[in-house]
Amino acid sequence: MFTLVFPGQGSQQTGMGRFLFENFKIAQETFEEGSEALKQDMKQLCFEGSEADLALTENTQPALLLVSTATQRVLRNEFNVKVQSAAGHSIGEYAALVAAGVIRFDQAMQAVRTRGQAMQSAVPVGQGGMVAVLGLEPDQVETLCQYVVKNSGFGPLSAANFNSPGQIVISGSMKAINWLKDNFKPENIWAEAPKRAKLIPLSVSAPFHCEMMKPAEETMRVVLTGMEFNPSAFPIVQNFHAKFENDGAVLRENLIRQVSAPVRWTQSMETLKAAGHSQIIECGAGKVIQGLLKKIDGEFFKVMTTSSLEDIKTIEEFLKASSH
């Protein structure tokens, strides 16, 4: 039994999903279904789109959902992969809900296109940003954000992604972030200054997962309330509270609130660990989640990726070996 995990923004790359399309009929059908849902040629976007095209949030989100869905359909229909649970990083949670039969794929594609547009238009370009903070504990990050808001007079600024131990992303006002970059002296903030605190500004188009996203959350409340949410075929660990959920109404509410709330990825993976779910397949573009899980608990989690035909063959061989 496997846990399927689905990547978020930052995993997109030109050519994503092409090998699936070229080798599996169900992947071709998924691309056609996704293109039809948006009245847009998703093959062209995923296979030939420039980095700049794919980086536009309203393109990134449907592209990731499409490739993730094509991947899990290939694994389950062609290789009979059995699923015991799932989780998705931010936009990846939509792919988890599609996999579990909670929401329809075509409706999910339309919803994430709207989500991308709403998140982009919630904050004018240049007014918000995100910064990866390395080497700090969650409570230290909270102290840092409060310190900046208090001393700069600008806000909001808060933790947006708990990605792995020592890697937390903060999100909020660009003025607050610029003040932080100019005035970051650990010894002024903590009595015992952390040894290796480091700030890395991220090239994102908006300040995701913070209160500046409230307008986008309101938009998604309207969109998702209009969609049917079925009970989940297997439990899903949700970003919003890092707990297992099966109930359609709860899954919907947490998906709505996820837009302006932090992604509790480290905590979500600890929930999987506590349940003994160690066999993970990262479904979709890239290997970002594999890297995060290595940092969270590389001993416990056994992660297989799906970025190439070789990756799929590795999974196939693993399944054959473990069925004897």
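The values are calculated or read from the model by the stated rules, or taken from the named source; none is laboratory data. All values derive from a computational prediction rather than experimental measurement. Note: ideal-geometry Cβ built from the backbone for every residue, glycine included; neighbour counts use all protein chains shown.
Remarks
- Only listed residue being among the charged types (D, E, K, R) and either under 27 Å from T14 (Cβ atoms) or buried (at least 18 other Cβ atoms within 10 Å of the Cβ) (or both), chosen from K313, K302, K273, K320: K313
- Scanning the range 231-254 for residues that are within 17 Å of the chain's Cα centre (by Cα), among the aliphatic types (A, V, I, L, M) and more than 19 Å from E270 (Cα to Cα) gives a single hit, L251.
- Here N80 clears all of (1) on the phi < 0 side of the Ramachandran plot; (2) in contact with a helix residue (DSSP H, G or I) (Cβ under 8 Å, 6 or more places away or on another chain) except the condition numbered (1).
- The set of residues in the range 91-104 being within 14 Å of M227 (Cα to Cα) and buried (at least 19 other Cβ atoms within 10 Å of the Cβ) consists of Y94, L97, V98, V102, I103.
- If you go through the range 167-180 and pick out every residue that is free of Cβ contacts under 8 Å to residues at least 24 places away in the same chain and either hydrophobic (A, V, I, L, M, F, W, C) or touching a Leu at 6+ places or on another chain (Cβ under 9 Å) (or both), you end up with 0.
- Of all residues in the range 253-262, those satisfying the criterion of being of a type outside the set (A, V, I, L, M, F, W, C) and either touching a Pro at 6+ places or on another chain (Cβ under 7 Å) or crowded, with 21+ Cβ neighbours inside 10 Å (or both) are Q258, S260, P262.
- Filter result (modelled with pLDDT of 95 or more, closer than 13 Å to G10 by Cβ and among the aliphatic types (A, V, I, L, M)) within the range 52-91: A63, L64, I91
- Of the residues examined, A193 is one that is part of a loop (DSSP other than H, G, I, E, B) and over 21 Å from the mean Cα position of the chain (by Cα).
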